[in-house]
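Just below is one structure, and these are the notes that go with it.
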Amino acid sequence: MKLELIELEEDRIRFLLCGVSAAFANGIRRACMSEVPVLAIDEISLYDNTSVLFDEQIALRLGEVPLKADDLNMYSRPEDCQCAGTGCPGCRVDFMLSAEGPGMVYSRDIQFTDPGVKPAFDRIPIVVLGEGEKLVIEGFATKRVGKDHTKWQAGTLCGYKNLPSIEIGDCDGCGKCIEVCPRHVLSLEDGRAKVTNILECSLCKLCIDACEMGGIKLTPVLDSFVVSIESSGVMPAKELVARAAEEIKIRAEELDAKLAELS
Ligand code: SF4
Ligand code: SF4
Ligand SMILES: [Zn+2]
């Protein structure tokens, strides 16, 4: 297997994976979306809500706020905790939200008892409070995974595509393929079309349809994939991929141990 970094930002990573199956690339994608444990608001107690939103709508909005933790490893998943899921500081982090209108209530108004836990973004709107309207809430966040509920989904836009291969045969330099390509993959050099940006190709085949000489051959490289992973903001995208790979490794080791028991 060969891995080559294409692009790295705080919340987004794109890399080329070569020498693997589609199932392996898809395994990384799925693990980023559904297997990496993160914190999200799980239960709330509403003491006062005179806003225009129903209690359930407030609960839904709070649950979807991505939460960052300085040390995520401090918390266990409830089912793995020493309290056996009944609730303790090892698997819960409490919060308080108290606001009075007029004004907008933002995610930054959620105050956690652990100062190392906070919303990934300060200005996610929760609700607009009118004059004299109040919102008083207590609750707690737990650490779970995206397959339990999307509010624990650490990876949002996660996908992969086969690396394309484009060969240019007969070409009179008409430039039509360059005009129709939405990704600016092709350019004209010395009177011929040339591939200059293959990683951006979406395999849409518009260039093939545009070429009257039938000079373009497009094939996917079956064991190579361009993988794009975007984090919800709960952790850097690079850390998300590393944690996803770790989760896959743990499962592979568990499977290995079970198979050893059978032999
Ligand atoms: S397949 Fe689509 S994206 Fe790729 S080079 Fe042709 S027109 Fe551009
Ligand atoms: S459309 Fe065909 S002939 Fe025209 S530049 Fe592209 S490859 Fe060459
Ligand atoms: Zn516990």
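The values are calculated or read from the model by the stated rules, or taken from the named source; none is laboratory data. All values reported here derive from a predicted model rather than from experimental measurement. We place every Cβ from the backbone using ideal geometry, glycine too, and count neighbours over all the protein chains shown.
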Going by what's in this entry, would Pro164 be described as modelled with pLDDT of 95 or more, within 12 Å of ligand 1 (Cβ to nearest atom) and surrounded by fewer than 19 Cβ atoms within 10 Å (Cβ to Cβ)? no
Of (1) surrounded by fewer than 14 Cβ atoms within 10 Å (Cβ to Cβ); (2) more than 16 Å from ligand 2 (Cβ to nearest atom); (3) more than 17 Å from Ser232 (Cβ to Cβ), Thr196 satisfies all except one. Which? (2)
Enumeration of residues in the stretch 94-141 that are within 27 Å of the chain's Cα centre (by Cα) and assigned to a loop (DSSP other than H, G, I, E, B): Ile110, Thr113, Asp114, Pro115, Gly116, Ala120, Phe121, Asp122, Arg123, Ile124
Please state which of the following conditions Glu230 fails to meet, knowing it meets all the rest: (1) in contact (Cβ under 8 Å) with a residue 24 or more places away in the chain; (2) within 11 Å of ligand 1 (Cβ to nearest atom); (3) of a type in the set (D, E, K, R). (2)
Checking Ala25 against (1) part of a helix (DSSP H, G or I); (2) closer than 20 Å to Ser232 by Cβ, the condition it does not meet: (2)
Any hit, the stretch 72-86, residues being buried (at least 18 other Cβ atoms within 10 Å of the Cβ), at pLDDT 95 or above and touching a Phe, Trp or Tyr at 6+ places or on another chain (Cβ under 8 Å): no
Cβ pairs under 9 Å, 6+ apart, first in the stretch 167-188 and not assigned by TED's automatic domain parsing to the domain that holds Cys204, second at pLDDT below 95 and part of a loop (DSSP other than H, G, I, E, B): none
Please go through the stretch 227-263 and pick out each residue that is in contact with a Gly (Cβ under 9 Å, 6 or more places away or on another chain) and surrounded by fewer than 22 Cβ atoms within 10 Å (Cβ to Cβ). Ser228, Glu230, Ile248
Selection from the stretch 70-108 of residues near ligand 3 (Cβ under 8 Å from one of its atoms) and touching an Asp or Glu at 6+ places or on another chain (Cβ under 7 Å) yields Gly85
Kindly check whether there is at least one residue in the stretch 128-147 that is exposed (fewer than 13 other Cβ atoms within 10 Å of the Cβ), among the charged types (D, E, K, R) and without any contact (Cβ under 8 Å) to a residue 60 or more places away in the chain. yes
Please state which of the following conditions Ala25 fails to meet, knowing it meets all the rest: (1) loosely packed, with under 14 Cβ neighbours inside 10 Å; (2) at pLDDT 95 or above; (3) small (Gly, Ala, Ser). (1)
Taking the criterion of being among the basic types (Lys, Arg) and under 30 Å from Ala69 (Cβ atoms), would at least one residue in the stretch 180-192 satisfy it? no
Do we find that Gly175 is within 15 Å of ligand 2 (Cβ to nearest atom) and modelled with pLDDT under 95 in this structure? no
